[in-house]
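Working notes for the structure below.
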Amino acid sequence: MFEQLQDQIAIRIADLPNGTRFNLRDLLGAAWPEGAGDARQLGRDFRQNLPNFPGVEDAGKDDENLRWYLKQ
């Protein structure tokens, strides 16, 4: 699934202003997978491939266990 959405993710990140905190679910909106297993896998794959997205860093998890990222 990550391979199918990778270009779309890159485009959406490029459209964000520098300094923006985001999570993958909100970034993808309607393209976010319905199934919890698919969603978790997409999140893991994105985090594992974070070096492919220059200027994006892991900003940690919130109280709801949602992972956030920061576009620098």
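For segment 20-48, a residue qualifies if it is in contact (Cβ under 8 Å) with a residue 40 or more places away in the chain, open to solvent by 100 Å² or more (accessible area, probe 1.4 Å) and either more than 17 Å from Trp68 (Cβ to Cβ) or touching a helix residue (DSSP H, G or I) at 6+ places or on another chain (Cβ under 9 Å) (or both), and exactly one does: Arg25.
Set side by side, the residues Pro51, Pro17 differ, and just one is modelled with pLDDT of 95 or more, at negative phi, in a helix (DSSP H, G or I) and loosely packed, with under 11 Cβ neighbours inside 10 Å, which is Pro51. Could you please find all residues in segment 27-41 being under 14 Å from the mean Cα position of the chain (by Cα) and either in a loop (DSSP other than H, G, I, E, B) or farther than 15 Å from Glu3 by Cα (or both)? The answer is Leu27, Gly29, Ala30, Trp32, Pro33. For segment 54-71, name all the residues that are open to solvent by less than 40 Å² (accessible area, probe 1.4 Å) and touching a residue at least 24 places away in the same chain (Cβ under 8 Å). Scanning segment 54-71 gives Gly55, Val56, Leu66, Tyr69, Lys71.
Any chance you could count how many residues in segment 1-14 are in a helix (DSSP H, G or I), in contact with a helix residue (DSSP H, G or I) (Cβ under 9 Å, 6 or more places away or on another chain) and open to solvent by 70 Å² or more (accessible area, probe 1.4 Å)?
The total comes to 2.
The values are calculated or read from the model by the stated rules, or taken from the named source; none is laboratory data. All figures in this text were calculated on a predicted structure; none of them were measured in a lab. Using ideal geometry, Cβ is built from the backbone for each residue, glycine included, and neighbour counts are taken over all protein chains shown. Side chains are part of the model used for accessible areas, which takes the heavy atoms of the whole protein and leaves out ligands, DNA and RNA. Shrake-Rupley method; radii C 1.70, N 1.55, O 1.52, S 1.80 Å.
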